Amino acid sequence: MPLSSRFHHIGNALAHSVAPTTWRKSFVLRPTDAVFVPAIKVGIAGSLVLVAGGLLGHEQLAGIAALGALTSAFGRYQPYRRLSLMLIIVASALLISTGIGALLGALGAPFSVQILVLSAIAALASHTFSAFHITGPGAVIMVFAAAAGSGYADSFSAVPRAVAALGIGAAVGWLVAMAPVLAFPMGPARLAVARAIAAVVSLGNASHSGMNSGGTSRAVARTAALAALHTARESVAVSSEHLHSRTVRSMSFSHHGEQLNLLLDEAYAALDLVEAPATTAALTLLSHHEAELRKIRGTFGTTALHSSLPSLSLLPSLSPPADGRTTAPSLLVVARAGLGSRASVHQALRIAAASALSGWAAAGLGLEHPLWASMGAVAALQGLNYSFTLQRGIQRMVGNVVGAALAVALLGLSLGFWPSVAMVVLFQVLAELLVMKNYTLTTIAVTPMALIMTSMGSQLGPEAALSRVADTLVGVIIGVLVAAISISLADQHHIATRQPTH
């Protein structure tokens, strides 16, 4: 391709970073649902390890264990069988990151080397999580864990303690995240079906009311509804496929899975006839089922759902959907394709470059915590496309400024260990509650949480909050520059084009 076209595309990308529309979109609050339970699980996991570490007199190790407990923040809404494997992968990545960081600390490796190694860790974690479709805080937590290990281990004898603390925290995080399977094994599948039904009902109601009359917006909404239906079908399959033994309990869960599939059949039918007048009553019934599915009482609430299924017969009979009720692919099968993804490799390389350059730039500027700059770059580049990367960068930058102001006030109080524990858990829960709403709000909570957690066992003053703002600013700027320079020509997401000058 002509070099001038490449520069033109990069120029468009950089211009997009200062466009008012980009900044406005960064502060839009998204609708959320089902955020309370994941947030509480993260809070419980963090509380358990911090309290245990404090009672045992290992305050600094308690902070490292709390990082391991963040395992519970990954893979929210996944079926428990798949979630179990995902969290094992996350825990393993955290253990490796902490161990490598601790070894670097024990060796007294210079910051330039640490930054390079931790950037490689972030890139590998990004590629792995993308391949296995593991959602959550992302690769930035691996950098945080490695930095914590490096800061703790001043000798080789300290390395096993750091790794053990992280491992204990990760085990607690896994157990807390998986605990609901004992009472609500079909919970994630129920939520996925409820969300799919909500997408279909929303599209149907908009069509009947004349809203979203534009063909493009309707097509986008229909595509989103189909994606939600496919996700729900897979979630039901994964949740049900290991429940086919002859025990009464397993037969009951299998029956529940069949009911969920019946509801999905009706949702597919309603989607195909979304503009027909006859579907109005069916959409109302589907809305009722959605409300019932979101009530987690007992094991399923079969009576309310089963008794009203026949009334959905007002919809014309359709053949089963194309994707059918097939067995969902295993996580390893899914990952095999993801590991060979060129887009994922490209993203990992961008993360490695931005992380390393940010850390080295921060060190060159004489900033005290250059690894925070690396974390800022990694967090910004976890976006799905360039536009999203910009928004993440803006959100992290603004959130850090506000969060740092809050941290200055808290660190200035010279909190003891137990008040610090309370603050860390509070901010963890707030971050999880807000992460789906807007990343700016999440960062406001994460910034004081991270600083207070870091101060456990090694006192930080209010000036550390100001240093975090400076480091984050370096990381975000370099991250955006790397993203703009390496932007794909196919990445035109909401980037306002401008005509080249002659």
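In this label model, Leu262 and Ile10 are separated by 6.1 nm, measuring between points 7 Å along each Cα→Cβ vector.
Each Cα pair under 8 Å and six or more residues apart adds its sequence gap; the mean of these over the residue count of the stretch 68-142 is a relative contact order of 40 percent. By the Kirkwood approach, averaging reciprocal distances over each pair of separate Cα atoms, the stretch 136-204 gets a hydrodynamic radius of 15.6 Å.
The protection proxy used here, the mean number of other Cβ atoms lying within 10 Å of each residue, ranks peptides 338-348, 176-186, 79-89 as follows, highest first: 79-89, 176-186, 338-348. Across all C-alpha atoms in the stretch 1-144, the radius of gyration and Dmax reach 19.7, 65 Å.
Taking only the Cα atoms of the stretch 89-196, the radius of gyration and Dmax are 16.7, 53 Å.
Coupling constants for the stretch 359-365 follow from the phi torsions by the Karplus curve (6.51 cos²θ - 1.76 cosθ + 1.60, θ = phi - 60°), and in residue order they are x, 5, 5, 5, 5, x, 7 Hz; glycine and proline get x.
Roll a 1.4 angstrom probe over the protein heavy atoms and tell me the percent of accessible area of the stretch 149-210 that is carbon or sulfur.
Carbon with sulfur: 72 percent of the solvent-accessible area.
Atom-type composition of the exposed protein surface of the stretch 398-463 places 77 percent of the accessible area on carbon and sulfur (1.4 angstrom probe). Each Lys and Arg contributes +1 and each Asp and Glu -1, all at the Cβ; summed about the Cα centre of the stretch 322-469, the dipole is approximately 460 debye. Each of Ala206 and Leu175 was given a label point 7 Å from its Cα along the Cα-to-Cβ line. The distance between the two points is 4.5 nm.
The values are calculated or read from the model by the stated rules, or taken from the named source; none is laboratory data. Keep in mind that what you see is a predicted model, and the values were worked out from it rather than measured. Reconstructed Cβ throughout: ideal geometry from the backbone, glycine too, with neighbour counts over all protein chains shown. Please note that ligands, DNA and RNA were not included when accessible areas were found on the heavy atoms of the full protein model with its side chains. Shrake-Rupley method; radii C 1.70, N 1.55, O 1.52, S 1.80 Å.
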